[in-house]
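In what follows, a single structure is set out as structure tokens and then discussed.
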Amino acid sequence: MKKRISLSRLMHNDKLMMVVSLILAILVWALVVYGPSNHQEQVITGVPVSVTLNDYARQTLNLRITEGNNATATVTVYGLRSVVGRLSAADITVTADTGNVIKEGTYTLQLKAVANGDYTIRGLVGDDGNNDTITITCDVWKNAAFPVEVVMNDVALSNDKTQQFGTPLIDSPAVKEGQVTLSGAKSDINRIEKVVAKITDKAIISEATVFSAQLEAQDANGNIIPNVQFEGAEDGKVSVTVPVMVYRKVTLMPQIANTPVAYQKQAGLLSVNPGHVEIWGVPSEIDDYVNAVQDMFKLNFDQLSPGNLIQNIALQEREGIRPVNGNETIQLRVGLTGITSKTMTADIGPGNFTVTNCPAGYTVAPKQTKVTDIYICGTERVLNQIKPEDIVFVLDMKNTATVGQQTAKVRVGIRNHDGVWIYYGESAHGIDVLVSVTQG
């Protein structure tokens, strides 16, 4: 006879009760975790909006976003409390549709939010707080170069009577040949009136000093235009050296070489007007400049002709040097009057060809028989007395010799006429003559 199954017996079955308890626990847990009471909405603010212009706008039109590229959105999400409660702005992707951006201007863009997990998007609000849109402004991106002016209102000299500021020198990869290239929206670049490197330090200096300066783009009213970039100096910082110049008065001392014997003792053969120049210069450059100025007043009869006995020489400002009277013109005069010229041809041979400083064992002889276009300067009276046979040729070998046929610079002299000279050209000191050098 079968035993009857009673509730009492089931309740006293320990194994069965353990299984039932486990099943009931799982059911309760599932209801707690997945039941409607465990889902909630979560509002997440400050979600960054990704705004990327389409290729046509960015590459072909060269457009850039000038306003609205840092927009954020507010997103409402729905899901399990354990999931949405851990979400932050960085966990949600919000993008803006830029397909309608085809030229510069202001646009309203539609937003789209994407859930990156086990939850849903229930709401999306853009920058106006009401709609799922944001507003951006686009402009053509433009590059332009501007000269840089150094402003140093709070820098002074220790003695402004004996010192002057030199031209400030900007040391920065951003500044090339005194100019800096800026990039920015066309509307901003077009408003730039000037670019300055502004030194804000207060200082009294007596020698060249290096300062840090800030580049600024300014409009016509002196207001700073902030939304531009300086290529090569992203932070706008540059280094500026402010030179200090000292004063120098230079007495000009003209000189002349290869003076004909007849004029060697002539008083006042050379004169300059004015007889001195005044300059400001940085100490490291001023001595070299003074020497260069004196060299400008060194003449040579080899380069003198009737047409350049009076020369006007202009001083030039250069880096580190500032003539007091600017690009002043000084007259240099050779005190000879009645000078004219004539061109002659003469035979050349053993009778009128002399070699000096020839190394021992070498022989030099001319390989041509005539020399043409000998340009002789002097008074008309003396020039009329000169005959071809009065012309002599002198070759200075300078103690070196190379065997073979070659062209040599030969100087020309005139016998028995001390008041004439040969004009060789702007830089030459002899006439080209073909000669032969032999040894032994």
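Observations, loosely collected:
- Selection within segment 303-323 - touching a residue at least 40 places away in the same chain (Cβ under 8 Å) and in contact with a Ser or Thr (Cβ under 9 Å, 6 or more places away or on another chain): 303, 305, 306, 319, 320, 322
- Of the criteria (1) surrounded by 13 or more Cβ atoms within 10 Å (Cβ to Cβ); (2) under 30 Å from residue 137 (Cβ atoms), which one residue 235 fails: (1)
- Condition met for residue 167 (part of a loop (DSSP other than H, G, I, E, B), outside the structural domain of residue 53 (by TED's automatic domain parsing), modelled with pLDDT under 95 and among the β-branched types (Val, Ile, Thr)): yes
- Check on residue 90, of a type in the set (A, V, I, L, M, F, W, C) and either assigned to a strand (DSSP E or B) or not assigned by TED's automatic domain parsing to the domain that holds residue 108 (or both): no
- Inclusion of residue 375 among residues that are over 13 Å from residue 431 (Cβ atoms), among the hydroxyl-bearing types (Ser, Thr, Tyr) and surrounded by 13 or more Cβ atoms within 10 Å (Cβ to Cβ) is not warranted.
- Among residues of segment 372-386 that are on the phi > 0 side of the Ramachandran plot, those with a beta-carbon under 9 Å from a residue that is assigned to a strand (DSSP E or B) and loosely packed, with under 11 Cβ neighbours inside 10 Å at least six positions away or on a different chain give the pairs 373/343.
- Against the test of being farther than 30 Å from residue 266 by Cβ, of a type outside the set (Lys, Arg) and modelled with pLDDT under 95, the options 401, 408, 428 yield a single qualifying residue, 401.
- Look at (1) assigned to a loop (DSSP other than H, G, I, E, B); (2) surrounded by 12 or more Cβ atoms within 10 Å (Cβ to Cβ) and you find that residue 130 fails only one, number (2).
- Residues satisfying the criterion are present in segment 52-74 (criterion: part of a strand (DSSP E or B) and more than 26 Å from residue 188 (Cβ to Cβ)).
- Verdict on residue 290 being part of a strand (DSSP E or B), β-branched (Val, Ile, Thr) and outside the structural domain of residue 375 (by TED's automatic domain parsing): no
- Screening segment 223-239 for residues that are in a loop (DSSP other than H, G, I, E, B) and without any contact (Cβ under 8 Å) to a residue 12 or more places away in the chain and picking the one that is farthest from residue 315 (Cα to Cα) gives 226.
- Verdict on residue 414 being among the β-branched types (Val, Ile, Thr) and touching a residue at least 40 places away in the same chain (Cβ under 8 Å): no
- Selection within segment 240-265 - touching a strand residue (DSSP E or B) at 6+ places or on another chain (Cβ under 6 Å), outside any loop (DSSP other than H, G, I, E, B) and either free of Cβ contacts under 8 Å to residues at least 12 places away in the same chain or more than 29 Å from residue 161 (Cβ to Cβ) (or both): 255, 256, 257
- Within segment 373-389, being within 60 Å of the chain's Cα centre (by Cα), of a type in the set (Asp, Glu) and part of a helix (DSSP H, G or I) holds for one residue alone: 380.
- Residue ID - farthest from residue 172 (Cα to Cα), chosen from residues in segment 200-222 that are hydrophobic (A, V, I, L, M, F, W, C) and part of a loop (DSSP other than H, G, I, E, B): 220
- Test for residue 181: is it under 16 Å from residue 235 (Cβ atoms), loosely packed, with under 15 Cβ neighbours inside 10 Å and outside the structural domain of residue 280 (by TED's automatic domain parsing): no
- Among all residues of segment 192-213, there is none that is surrounded by 13 or more Cβ atoms within 10 Å (Cβ to Cβ), within 28 Å of residue 139 (Cα to Cα) and in contact (Cβ under 8 Å) with a residue 60 or more places away in the chain.
- Members of segment 93-107 found to be part of a strand (DSSP E or B), farther than 18 Å from residue 131 by Cβ and in contact with a Cys (Cβ under 9 Å, 6 or more places away or on another chain), listed by number: 105
The values are calculated or read from the model by the stated rules, or taken from the named source; none is laboratory data. Predicted model only: the values in this text are computed from it and were never measured. Cβ sites come from the backbone with ideal geometry, for glycine too, and all protein chains shown count toward neighbours.
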